[in-house]
Amino acid sequence: MQPALAVALADTIRRAHDRSAPAPGGPWLDSIGGIIDRNTAKFRAVNGLPGAAIDRLDAFNHAALVEQTTLLEARAAAGCVRRCHGDLHLGNIVLIDGKPVMFDAIEFDPIIATTDILYDLAFPLMDLIHFDQRAAANALFNTYLDAAGEAARNALVLFPLFLSMRAAIRAHVLFMKSEQ
């Protein structure tokens, strides 16, 4: 992905987040531990995955959640939890007339789709990093943060948790698909 397209994607995501009204943060905050636990359970059920690595991932995510709870709560109180796309990986973004368009949003479960806006951003960011599109990831990240302002920049510490959770979700889904 060219950086210019990543800039356009950042603007598209930011506009979508801006259009969405703030939502109560309690359900989102209460769901985070369960997301981590479901991913861990799935990984434990997959033959051949090293248990020590699963334990480290689980411990990292739970420790980060505990460490960042106050910030997550403050962001929820500040209106950073909104009804987002919910499944904003690169496979759910298409180009129409050269412009990025998001589709296939989570509509069936408002709890899944109602998250911190930076958690929504973390999915395409994680994908770009995974596909070694670092310049595009940089453009997406910095363009979004520049537009989002100080509140987003003050929440950079959340990205290791958010990216880890998104990567775990991606792996979880891929394992499920391989079982079908």
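Read-outs throughout are calculated quantities, based only on the coordinates presented, and are distinct from any laboratory measurement. For clarity, every value in this text was computed on a predicted model and none was experimentally measured. Glycine gets a Cβ as well: all are built from the backbone with ideal geometry, and neighbour counts include every protein chain shown.
Would you please put 75-85, 103-113 in order of how densely packed they are, using the mean number of other Cβ atoms within 10 angstrom per residue and starting with the highest?
Taking the mean over residues of other Cβ atoms within 10 Å, the ranking is 75-85, 103-113.
Highest mean first, what order results for 157-170, 39-52 on Cβ atoms within 10 Å?
Ranking the peptides 157-170, 39-52 by packing returns 157-170, 39-52.
From the helices alone, meaning DSSP H stretches of at least four residues, give me the mean residue ellipticity at 222 nm for the chain, per-run term -39500 (n - 2.57), in deg cm²/dmol to the nearest 500.
Taken over the chain, the calculation gives -22000 deg cm²/dmol.
Given a Förster distance of 35 Å, report the FRET efficiency between Phe131 and Thr70 from their Cβ-Cβ distance, rounded to the nearest 0.05.
Between Phe131 and Thr70 the formula returns 0.55.
Please compute P(r) over all alpha-carbon pairs of segment 3-174, binned at 5 Å starting from zero, and give each bin as a whole-number percent.
Histogram of Cα-Cα distances, whole percents per bin: 1, 8, 17, 22, 21, 16, 9, 4, 1, 0.
What does a probe at Leu95 reach in segment 121-135, counting residues whose amide N is under 20 Å from the point 7 Å along Cα→Cβ?
Taking a point 7 Å out along Cα→Cβ of Leu95, the residues of segment 121-135 whose backbone N falls under 20 Å are 124-135.
Step through the residues of segment 44-58 one at a time and calculate ³J(HN,Hα) from phi using the Karplus curve (6.51 cos²θ - 1.76 cosθ + 1.60, θ = phi - 60°), rounding each to whole Hz and writing x for Gly and Pro.
Those phi angles translate into 5, 7, 8, 5, x, 7, x, x, 5, 5, 4, 4, 5, 4, 4 Hz.
Taking square-rooted eigenvalues a ≥ b ≥ c of the alpha carbon gyration tensor, is segment 1-40 rounded, prolate or oblate, where a/c under 1.5 means rounded and, failing that, a/b exceeding b/c means prolate?
Cα axes put segment 1-40 in the oblate bin.
Normalised by the residues of segment 39-180, what does the relative contact order come to in percent, with Cα pairs under 8 Å and at least six apart?
Relative CO of segment 39-180 lands at 25 percent.
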